[in-house]
Amino acid sequence: MFNINNYLMDLDPELRGYLNILAPKIPEFLIPYIGTSTMKRLKGVGYFCGMDFASEDIYDFRYYFSRLDHSIATALIIWDYANDKTQTLAALFHDAGTPACSHAVDYAFDDAEVQEVTEICLIDHLSKDEKLLELLEKDGIALEDVANFKNYSLVDLERPKLCADRVEGIFSSSMIWTQEASLYDVKELFSGLMVKCNDEDELEFCFIDEDKAQKLIELNNGVNEHCHSDEDYYFMVLLGRMIRYIVDIEAVTKEELHDMIDVEVFEVIEEVSVHDPELASLYYEFKTLKEVEPQKDRIPTKTRDIEPMVLQKIKKGYLRS
């Protein structure tokens, strides 16, 4: 049986503090859903696309952060602002179909710019989890209502607008990867958020004042710079090549990646590498490379821009009113 206290105690203390900022207590109705097999798999899917297994000379994450951690944090943001069970569950399950190694799979299948290859039919994926279906029936919530998370603008919006998924990604990436944000920064920014209708009549997260909006933009720029660095580009392409390789030789199927965790992908790579010098060379480079040369002739990759709405007077052309 899933124990939420055990889950929390296994987290880095800073991460526990972060979740406490988003919600002093995880709502009781959410806990059984976190304990479903669908969500527990995401504990083994790292938020940073398999780079927890890469060369430590290239990546220096403060601590491990999983897709489960991200999903819970996103759900807590929605609960805090919407106080709605269905939207909160939609936020919790929005990444449920994410494959092992996340967006490295997009790189594997030539979708580094849009990054939608990893998207699957979430209803079909969730419907395989009998416990989840039982919980939804008990709560009187339709599967379609939690699977279609794009119906809730606070959960998901097109860039450059702000939604919970995007806000959470900036917070966690800035604490763990770029290490440009502290818990104090996150608390200040989170307290400055509110919800407002945008020009398209969608509910959207915005800021009370310009200073906090500017701070979030700066943090996002730092994340964007890391995502477009020569190092991250090279390693995402490298892992993508390895994943494509093991799929092409039918060591795994593309579909199976959505039921696997990161370590299982690397176990397959290691197993194949024993008798495959080409893959072994790629994997050795992935694990040991100390420096990346400037990358020329790069393929286009995803741009993570944001333009937060702000309620006070704004600088024209920089923030949306």
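The values are calculated or read from the model by the stated rules, or taken from the named source; none is laboratory data. Everything quoted here is computed from the prediction, not taken from an experiment. Methodologically, a virtual Cβ is constructed for each residue, glycine included, from the backbone with ideal geometry; neighbour enumeration extends over all protein chains shown.
Numbers below:
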item	result
Test: residue in segment 171-183 that is on the phi < 0 side of the Ramachandran plot, in contact with a His (Cβ under 9 Å, 6 or more places away or on another chain) and not in a helix (DSSP H, G or I)	yes
Within segment 99-126, considering residues that are β-branched (Val, Ile, Thr) and part of a loop (DSSP other than H, G, I, E, B), the one surrounded by the most Cβ atoms within 10 Å (Cβ to Cβ)	Thr118
Residue within segment 140-158 that is over 20 Å from Arg67 (Cα atoms), in contact with a Pro (Cβ under 9 Å, 6 or more places away or on another chain) and touching a residue at least 40 places away in the same chain (Cβ under 8 Å) present	no
Test: Leu319 is at pLDDT below 95 and in contact with a Cys (Cβ under 7 Å, 6 or more places away or on another chain)	no
Hits in segment 146-170 (condition: assigned to a helix (DSSP H, G or I) and over 15 Å from Ile78 (Cα atoms))	Ala147, Ile170
Residues satisfying the stated conditions in segment 51-72, i.e. in contact (Cβ under 8 Å) with a residue 60 or more places away in the chain and touching a Ser or Thr at 6+ places or on another chain (Cβ under 7 Å)	Ser55, Phe65, His70
Residue satisfying all of: in segment 54-69; surrounded by fewer than 19 Cβ atoms within 10 Å (Cβ to Cβ) and either aromatic (Phe, Trp, Tyr) or over 25 Å from Leu282 (Cβ atoms) (or both); nearest to the chain's Cα centre (by Cα) among these	Tyr64
Within segment 224-243, considering residues that are buried (at least 22 other Cβ atoms within 10 Å of the Cβ) and in contact with an Asp or Glu (Cβ under 9 Å, 6 or more places away or on another chain), the one nearest to Asp52 (Cα to Cα)	Met236
Which listed residue, of Glu225, Glu204, is within 22 Å of the chain's Cα centre (by Cα), not in a helix (DSSP H, G or I) and not hydrophobic (A, V, I, L, M, F, W, C)	Glu204
